[in-house]
Amino acid sequence: INFAIASEGALKLKEISYIHAEGMPAGELKHGTLALIEPGTPVIVICPNDYTYKETLSNAIEAKARGAYIIAVSDIENEIYDYCIKIPKVDELLYPLVTIMPLQLLAYHIAVSLGLDPDMPRNLAKSASSNLLKGANCQSTAPSLSPSSARPEAKKRRMKFPVSAITF
């Protein structure tokens, strides 16, 4: 289940901060992705104290050996982590609920630090179009922007992020 959470965290990071990220099962890190890790590459590991803990920690150690900056989302602190986002100890079935929120907040804060508006991601379709909203006697508050004029202020404020990819 941590793979689904990692994939959602990576998707949120791509959607609102425009940084490439991939979610992957810890057991598949050795199949190509490990070769992409170089010194300073941030790797976010979802490492709660569940049945995946030892395997995920082992992969974090391998990434760290290649110079990765390890950011953990865990209920257990470990010296291998460069930074740990502490989550509460909960029943194993509830870990998805407590691990997704820190990933979404991380994506939000990265977007804001880059000068981007996380509430207005570019090139994403809304689940309800303005025509549907009008048909339901609702008003759309979202501005109508053409692709060429979409968020010019965000482009001016955008800062360069020091890495090109984050692996979950």
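The values are calculated or read from the model by the stated rules, or taken from the named source; none is laboratory data. These numbers come from a predicted model, not from an experiment. Cβ atoms come from the backbone with ideal geometry, glycine included; neighbour counts cover every protein chain shown. Just so you know, the surface numbers come from the protein's heavy atoms only, side chains and all, with ligands and any DNA or RNA stripped out. Shrake-Rupley method; radii C 1.70, N 1.55, O 1.52, S 1.80 Å.
Can you say whether residue 55 is modelled with pLDDT of 90 or more and farther than 29 Å from residue 112 by Cβ, as far as the supplied structure shows?
For residue 55, the condition - modelled with pLDDT of 90 or more and farther than 29 Å from residue 112 by Cβ - is met.
What tally of residues in segment 100-117 results from selecting those that are of a type outside the set (S, T, N, Q) and either open to solvent by 60 Å² or more (accessible area, probe 1.4 Å) or more than 13 Å from the chain's Cα centre (by Cα) (or both)? Step through it out loud before you land on a result.
The initial filter retains those residues of segment 100-117 that are of a type outside the set (S, T, N, Q), namely 100-103, 105-112, 114-117.
Okay, now just the ones that are also either open to solvent by 60 Å² or more (accessible area, probe 1.4 Å) or more than 13 Å from the chain's Cα centre (by Cα) (or both), so 101, 105, 108-109, 112, 114-117.
Of the residues in segment 100-117, 9 are of a type outside the set (S, T, N, Q) and either open to solvent by 60 Å² or more (accessible area, probe 1.4 Å) or more than 13 Å from the chain's Cα centre (by Cα) (or both).
Here are 28, 38, 15, 22: which of them is modelled with pLDDT under 95, in contact with a strand residue (DSSP E or B) (Cβ under 6 Å, 6 or more places away or on another chain) and not hydroxyl-bearing (Ser, Thr, Tyr)?
22
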